[in-house]
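Enquirer: Pasting a structure here, questions to come.
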Amino acid sequence: MSFSISLLQELLQELSGVLPADTAPLFAITRMVKLEEGEAYIREGELTRKLAYIEKGIIRAYAEKSSGDDGTLFLRWEGQLIASHDGIIQRQPSRFIYRALEPVTMLEIDYDKLEEVLKVHPEFEPLRNYFLMKMLGEALEGLEGFVFLTPEERYLRLLDSKWGVVNRVPDKYIASMLGVTPVSLSRIRKRLHARGRKNEAGN
């Protein structure tokens, strides 16, 4: 049994009291998926309703611009969910590309099959609600960050949430996700470094 299944069984038991031994109908429709570095998981224009829990690796969601550049929408890493919001929520083709930045291992479930299982096993419904609320919460967090936080504050929040991820992602993608240029990101880092050295000198 994979680590992901064990973790989700524990979560389901916590959410609705369903024992791990009773989750077989749910996990019978899951599968392990592995992506190579650079491999696309979801392509722009693809209508897919697959939902996955990332066990290892990082996936970048981005859109290609008419200028030839691309803009990073978000990054997802270990312990997070990845899916096309367009497909899951709106049943529309994806507007974005989801690509592995490094080798990725995920536990995947087909959302349409999940809905069929829920008709027979409504006790699994809290897990589906958890998935949806998690996806919406992460999307809103990103949106609110652009409205209420400065680029420096957004960068600090990223460091706080997953410091190690920053070192695994090219600077140009981090900068794009923060809404700044790579040069501006470099300035933010230098400013934070100088501030840290000043604080150390004052102690």
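Enquirer: Applying the selection to the stretch 69-114, what residues are basic (Lys, Arg) and surrounded by fewer than 16 Cβ atoms within 10 Å (Cβ to Cβ)? Break it down into steps so the answer makes sense when it comes.
Expert: First, pick out the residues of the stretch 69-114 that are basic (Lys, Arg): 76, 91, 95, 99, 113.
Matches in the stretch 69-114: ARG91, ARG95, LYS113.
Enquirer: Within the stretch 84-111, can you find the residues that are closer than 23 Å to GLY164 by Cα and in contact (Cβ under 8 Å) with a residue 60 or more places away in the chain? Outline the logic, then answer.
Expert: First, pick out the residues of the stretch 84-111 that are closer than 23 Å to GLY164 by Cα: 98-107.
ARG99, ALA100, LEU101, GLU102, PRO103, VAL104, THR105, MET106, LEU107 - these are the residues of the stretch 84-111 that are closer than 23 Å to GLY164 by Cα and in contact (Cβ under 8 Å) with a residue 60 or more places away in the chain.
Enquirer: Please state which of the following conditions VAL183 fails to meet, knowing it meets all the rest: (1) aliphatic (A, V, I, L, M); (2) modelled with pLDDT under 90; (3) over 30 Å from GLU14 (Cα atoms).
Expert: (2)
Enquirer: Mind checking which pairs have a first residue in the stretch 165-188 that is not assigned by TED's automatic domain parsing to the domain that holds GLN80 and a second that is among the acidic types (Asp, Glu) and part of a helix (DSSP H, G or I), Cβ under 7 Å, 6 or more apart or different chains?
Expert: PRO182/ASP171; LEU185/ASP171; ILE188/GLU152
Enquirer: Output the number of the condition that GLU123 fails; it satisfies all remaining conditions of (1) part of a helix (DSSP H, G or I); (2) farther than 29 Å from GLU14 by Cβ; (3) not β-branched (Val, Ile, Thr).
Expert: The one condition GLU123 does not meet is (2).
The values are calculated or read from the model by the stated rules, or taken from the named source; none is laboratory data. Predicted model, so just to flag it, every value in this text is computed and none were measured. Backbone-built Cβ (ideal geometry, glycine too); neighbour counts: all protein chains shown.
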